[in-house]
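Comments concern the structure below.
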Amino acid sequence: MNLPVAFEEKMKKLLGEEFPDYIKCYEEPRFYGLRVNTKKITVEKFREICPFDIRPIPWIENGFYYDGEKVQPAKHPYYFAGLYYLQEPSAMTPANRIPIEPGDKVLDVCAAPGGKATELGAKLRGEGVLIANDISNSRAKGLLKNIEVFGIGNVLVLSEEPGKIEDYFQGYFDKILIDAPCSGEGMFRKDKKMVKAWEEHGPEFFAKIQRGIVTQAARMLKPGGMILYSTCTFDPLENEGTIEYLLKEYPEFVIKDILPYEGFAQGIPEVTESKSEDFRKTVRIWPHKMHGEGHFLALLQKGEPVEEEQKKIKSKRAKKMPEELETFLRDVTWEIDANRLEIHTERVYYMPENLPDVKGIRFLRTGLYLGDVKKNRFEPSQAFAMCLKKEEYRHTISLPVEDERVAKYLKGETIEVDDLVSPKEKGWQLICVEEYPLGWGKLAGGTLKNKYLPGWRLQS
């Protein structure tokens with residue numbers, strides 16, 4: 001592989017005698033990974049039902065390698081059920097190493113296509129809120145789909161400049177993940193187009209962007225809160241240099257230890273102005289030391305936690321739930337707080353708790369989109385289906401994974417299910433593969449009218 005001369009010279013300085021081993025890794029095949037959605041299935045259960053060979057990624061408890069030359073996990077029904085996400089192994093590390101607790105208020109600043117946001121959302125277990133942002137509206141649409149497939153409902157999906165978000169969320173977040181735009185040196189083997197991009201926009205270009213993002217994030221973080229900063233590049237200017245810039249601007253931040261793994265390489269204090277030994281707490285993943293493409297990570301804490309003032313919330317007049325929705329929800333085991341419902345025209349959303357006023361921000365999604373209230377009826381959304389568990393809705397049709405009707409359903413076709421339901425049964429059905437929801441269908445006379453979302457369908 002032809003690498004830029006300037007890049008090779010830089011890497012020789014960084015790696016010294018390890019450089020030949022690093023160069024040799026470009027001759028090796030790339031590694032493919034999947035990450036189990038622990039919101040929907042345990043790792044143990046997934047290993048039992050996984051239809052293809054996998055082996056553990058040793059530093060990611062819910063991550064596995066698979067042979068991407070032999071199998072296509074993105075074509076399997078379990079993928080459509082949101083049981084796993086396909087992700088390069090080293091890229092799983094940032095969301096794995098930021099200590100998320102259920103109930104946290106979490107921001108993913110540069111979230112598309114959703115590899116890290118989906119893991120953050122799974123860790124929240126439906127409590128707290130995940131705000132996932134990407135400045136690109138087109139990329140944010142893909143982000144939204146991945147979040148909904150994963151069954152994450154306590155979410156806001158935005159497409160804004162981080163500076164705009166800052167105006168609304170000063171000192172709001174417990175945890176912030178910044179997988180920053182970067183020169184992409186760790187992606188050269190996986191995507192050769194990144195080499196040309198590096199030559200057009202190198203580390204200096206991205207370092208300016210990164211410094212703007214980290215300082216904006218610093219102001220959105222609570223005292224005692226944590227930032228996990230990461231890149232998929234090796235350059236000191238974008239890595240240790242950006243962290244040093246943050247520490248100069250906001251000296252209350254300290255670098256924290258990251259849960260170790262034997263293959264992790266320490267950060268390099270010598271490339272910084274301060275030469276502080278604290279930079280050894282940052283981590284590099286090198287492709288010649290681990291089976292992954294490469295990453296840099298730094299975990300930082302903003303001072304010490306302070307006791308929050310209990311803000312007085314004005315009492316709201318209790319909302320009345322639309323009758324059509326109330327009727328539908330009689331078949332759902334959830335306890336729905338009507339005061340958290342937001343209705344825009346026909347669309348009904350279930351909002352996370354304790355949000356500030358966010359009027360004026362560009363959203364793709366606010367809360368869980370439950371469905372549409374129409375004249376005399378409620379039509380549930382695809383997102384709602386993916387948030388449910390089979391046992392949480394009274395009317396379900398569960399198909400074995402090998403049943404040809406699964407593929408037909410995922411392609412949007414009408415299917416016959418008279419062997420699975422009573423002749424008198426009608427109305428909305430939650431369609432599952434085994435016990436895992438895929439979407440909705442409307443039943444009449446043993447025939448299921450397919451309501452699977454067109455943009456999600458299986459392509460032959």
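Each reported figure results from applying straightforward, stated rules to the coordinates on display, with no laboratory input. This structure is a prediction, so every number in the text was calculated from the model and none was measured. Here the Cβ positions follow ideal geometry from the backbone for every residue, glycine too, while neighbour counts run over all protein chains shown.
Listing for the model above:
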{"item": "The chain: relative contact order as a whole-number percent, Cα under 8 Å and 6+ apart", "result": "13 percent"}
{"item": "Over the stretch 101-161: Kirkwood hydrodynamic radius from C-alpha pairwise inverse distances, Å", "result": "10.9 Å"}
{"item": "Separation of alpha-carbon centers, the stretch 3-58 and the stretch 116-132, rounded to whole Å", "result": "24 Å"}
{"item": "20 Å Cα-Cα reach of Lys424 towards aspartates and glutamates, excluding residues that sit fewer than 8 places from it in its own chain", "result": "Asp331, Glu416"}
{"item": "Debye log10 I(q)/I(0) at q = 0.14, 0.15, 0.23 Å⁻¹ for the stretch 248-363, Cα point scatterers", "result": "-0.82, -0.84, -1.37"}
{"item": "Violating pairs (Cα-Cα greater than 27 angstrom) within the set Lys208/Lys302; Lys75/Lys175; Lys45/Lys105; Lys256/Lys359", "result": "Lys75/Lys175; Lys45/Lys105; Lys256/Lys359"}
{"item": "Summed side-chain charge close to Glu277 - residues other than Glu277 whose Cβ falls under 15 Å, Lys, Arg +1, Asp, Glu -1", "result": "-2"}
{"item": "5 angstrom amide H check on Lys411, placed H, neighbours 5+ away", "result": "Leu458"}
{"item": "Summed side-chain charge close to Ser90 - residues other than Ser90 whose Cβ falls under 13 Å, Lys, Arg +1, Asp, Glu -1", "result": "+4"}
{"item": "Residue-count net charge about Val36 - beta-carbon cut-off 14 Å; Lys, Arg +1, Asp, Glu -1", "result": "+3"}
{"item": "Taking N as its residue count, the alpha carbon Rg of the chain over 2.2 N^0.38 Å", "result": "1.04"}
{"item": "Radius ratio Rg over Rh of the stretch 1-159, counting only Cα atoms, Kirkwood formula for Rh", "result": "1.03"}
{"item": "Exposure proxy ranking, count of Cβ atoms within 10 Å, fewest first, for Glu240, Glu101", "result": "Glu101, Glu240"}
{"item": "q = 0.15 Å⁻¹: log10 I(q)/I(0) that the Debye formula gives for the stretch 191-324, counting C-alpha atoms only", "result": "-0.77"}
{"item": "Over the stretch 403-443, volume per residue of the alpha carbon convex hull, in Å³", "result": "72 Å³"}
{"item": "Rg/Rh (Cα only; Kirkwood hydrodynamic radius) as it applies to the stretch 152-260", "result": "0.99"}
{"item": "Overall Cα dimensions of the stretch 390-460, principal axis frame, Å, largest first", "result": "34, 23, 21"}
{"item": "Magnitude of the charge dipole, the chain, Cβ model with Lys/Arg +1 and Asp/Glu -1, debye to 20", "result": "1520 debye"}
{"item": "Karplus-derived 3J(HN,Hα), 6.51/-1.76/1.60, for each residue of the stretch 123-135, Hz, glycine and proline x", "result": "5, 6, 6, x, 10, x, 8, 10, 10, 10, 10, 8, 5"}
{"item": "Packing-based exposure ordering (other Cβ within 10 Å, fewest first) of Thr233, Thr345, Thr414", "result": "Thr345, Thr414, Thr233"}
{"item": "Degrees between helix 203-220 axis and first principal axis of the chain (Cα, 0 to 90, nearest 10)", "result": "60 degrees"}
{"item": "Ranked list, fewest to most other Cβ atoms within 10 Å of each Cβ, for Lys408, Lys449", "result": "Lys449, Lys408"}
